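Right, one structure below, let's go through it.
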Amino acid sequence: MINIAILGLGTVGGGVAEVIEKNQLEIKKVLGEDLHVKYILDIRDLPGVVKDINTIINDPDIKVVCETMGGKEPAYTYTHLALEHGISVCTSNKELVDAHGVELSAIARDHHCSYLFEASVGGGIPLLRTIREACGHEKISKIAGILNGTCNYILTNMKAGRDFADVLKEAQEKGFAERNPAADVEGHDTARKIAILASMVSGKKFSYEQVSCEGITNITPEDFAEAEAKGMSIKLLGVYDAENNSVLVAPHLIPKEHALYNVNGVFNGILIHGNMVDDLMFYGRGAGKLPTASAVVSDVIECAKNIGKNINNNFADLEPANVNKAPEKPQGQKFRVLDS
Ligand SMILES: NC(=O)c1ccc[n+]([C@@H]2O[C@H](COP(=O)([O-])OP(=O)(O)OC[C@H]3O[C@@H](n4cnc5c(N)ncnc54)[C@H](OP(=O)(O)O)[C@@H]3O)[C@@H](O)[C@H]2O)c1
């Protein structure tokens, strides 16, 4: 039996416990043994929950920890401690991966364990594992992704004629936009995700601060009417361009024939161009309790199959990227057009 701990029993952490309980037979089939949640750590006074990280890291039974607390602290300190004890950490925390992922990955490698973060980009979409494993031999020249479900939901509804404030309010009421939606609608969440993707494929660390970032708050119903007249839609994209060595988040016009045109509502879509495989398109739920938890559990299974070994996550020892400025918008145009 493999024993694990969950740090932070919120949306994602609660989902991890649920996935492990509901899919225990499927997990056993792929892992070859049972997966058991021995500890849950949370700040709240819940029955059976522990509060002291030392209880977890000093228990030799614990082989993998899921960090689903979010934020930088104490997530950073707890992750650091677990990895130093040879315990693998699987996380959905893109903020921590962006800020400290390189350092934490090196600690994991030095302590023969792993730091994996499949759920931090594209929620339930098995994107990072595919990039690491199936596309490791490719030269990736471009990534263009709809990486924030909240923004895509808002834009999809604006396309249907509704206004920004009205749709945002509805998204907040339905629980998939934060009460403070700035990180989503100003593009910062997408910036963290495209920075992680660019780092994974380029061999250099792109950080969130290096992403030229424009959100969706200035898009008007008139913009949609103009886009519609040209047979296009407007989507917020994170774009990595290897040739120009740039990362950008901005609303783009998407032609009808493009694969990303039909990615609507809360769904994410990511297009990756490899020099041999050509275009690959990934589609799925970029957030939500069970899809995100499913991605965390996929990492847990990979770590559990590799106890005592380090899984190369394409992040350890990355040097900072020398990022170029993203190309400007065409003169007089409000939006860039996604060409291919
Ligand atoms: N929700 C999604 O769909 C989704 C998708 C992809 C990635 N993520 C990422 O996953 C992470 C978790 O997101 P979430 O939506 O699950 O957040 P959440 O619902 O707020 O869950 C976080 C949990 O951690 C607990 N916690 C906070 N500080 C703690 C501390 N010092 N010690 C112990 N427990 C602590 C929280 O308790 P309190 O509630 O009492 O503060 C809460 O139970 C974030 O990095 C987020 O960006 C989320």
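The values are calculated or read from the model by the stated rules, or taken from the named source; none is laboratory data. Being a predicted model, the structure only gives us computed values, none of them experimental. Every residue, glycine among them, receives a Cβ derived from its backbone with ideal geometry; neighbour counts consider all protein chains shown. These area figures cover heavy atoms from the full protein model, side chains too; ligands, DNA and RNA do not enter into them. Shrake-Rupley method; radii C 1.70, N 1.55, O 1.52, S 1.80 Å.
Structure notes:
- The residues of the chain present an accessible area of 44 Å² per residue when probed at 1.4 Å with all protein chains retained.
- Share of carbon and sulfur in the accessible heavy-atom surface of the chain [1.4 Å probe, %]: 50 percent
- Cα centroid separation - the range 225-294 against the range 42-62, whole Å: 40 Å
- Extension gain, residue 306 to residue 176: 0.36 nm times the residue separation minus the Cα-Cα distance gives 43.3 nm.
- For the options 230, 205, 63, a Gaussian network treatment of the chain with springs between C-alpha atoms closer than 10 Å singles out 230 as fluctuating the most.
- Relative contact order %, the chain, counting alpha carbon pairs below 8 Å whose residues are six or more apart: 23 percent
- Of 118, 302, 21, the one that fluctuates the most in a GNM where the chain has Cα springs shorter than 10 Å: 21
- Qualifying lysines (Cα of each under 27 Å from Cα of residue 38; at least 8 residues distant if same chain): 22, 28, 29, 51, 63, 72, 94, 289, 305, 309
- The fraction of all Cα pairs in the chain landing in successive 10 Å bins from 0 to the largest distance is 6, 26, 33, 23, 10, 2, 0, given as whole percents.
- Springs join every pair of Cα atoms under 10 Å in this Gaussian network model of the chain, and among 19, 211, 247 the largest mean-square fluctuation is at 19.
- Nearest-10 value in Å² for the accessible area of residue 301, using the 1.4 Å probe: 20 Å²
- Residues whose amide H comes within less than 5 Å of that of residue 6, counting only those at least five positions distant or on another chain, are 39, 40, 41, 66 (H built at 1.01 Å from N in the peptide plane).
- In this calculation the C-beta distance from residue 141 to residue 58 is compared with R0 = 51 Å, giving a FRET efficiency of 0.65.
- Placing a label point 7 Å from the Cα of residue 46 along the Cα-to-Cβ line, the residues of the range 8-30 whose backbone N sits under 14 Å from it are 8-21.
- Segment residue 110-residue 21, length gained on full extension (0.36 nm per residue, minus Cα span): 28.8 nm
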